[in-house]
Amino acid sequence: MHSILDIICKVNYTLNAKKTLRIYIDISDRSIKVKNRIKELRKEHKLSQGELADLVGTTRQTITSIEVGKYTASLPLAYKIAKQFSLSIEEVFDFTELEEEE
């Protein structure tokens, strides 16, 4: 038999998961593109898409998709990309469009 604490935890987890999913779907449906400076920074550092991908542990196709705004980098990947250029995430990725939506 489940304790009251177990039930409360499961309910809270479910509600939070549903809320997170709604936010993700809402952002995805609006096609909000997070602009970035990756291409510019790659050129400055004389890196190809493939070389940057290898350095941050992803594929060239992912870097291409992020550069053109078809894909938004996960937080860990955004961190790795920014760190590769010795910059903060905010210096590489432009979140102003997301801030305007709030």
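The values are calculated or read from the model by the stated rules, or taken from the named source; none is laboratory data. Remember, predicted model here, so these are calculated numbers, not experimental data. Cβ sites come from the backbone with ideal geometry, for glycine too, and all protein chains shown count toward neighbours. Just so you know, the surface numbers come from the protein's heavy atoms only, side chains and all, with ligands and any DNA or RNA stripped out. Shrake-Rupley method; radii C 1.70, N 1.55, O 1.52, S 1.80 Å.
Among what's in region 73-89 and is out of contact with any Ser or Thr (no Cβ under 9 Å at 6 or more places or on another chain) and part of a loop (DSSP other than H, G, I, E, B), pick the residue that is surrounded by the fewest Cβ atoms within 10 Å (Cβ to Cβ). Going through the qualifying residues, I end up with S86.
Check region 43-54 and report whether any residue there is open to solvent by 50 Å² or more (accessible area, probe 1.4 Å), of a type in the set (A, V, I, L, M) and touching a residue at least 24 places away in the same chain (Cβ under 8 Å). So far as region 43-54 goes, no, none of its residues is open to solvent by 50 Å² or more (accessible area, probe 1.4 Å), of a type in the set (A, V, I, L, M) and touching a residue at least 24 places away in the same chain (Cβ under 8 Å). Taking the criterion of being open to solvent by less than 70 Å² (accessible area, probe 1.4 Å), acidic (D, E), within 14 Å of V92 (Cα to Cα) and without any contact (Cβ under 8 Å) to a residue 40 or more places away in the chain, would at least one residue in region 55-70 satisfy it? The answer is yes; a qualifying residue exists.
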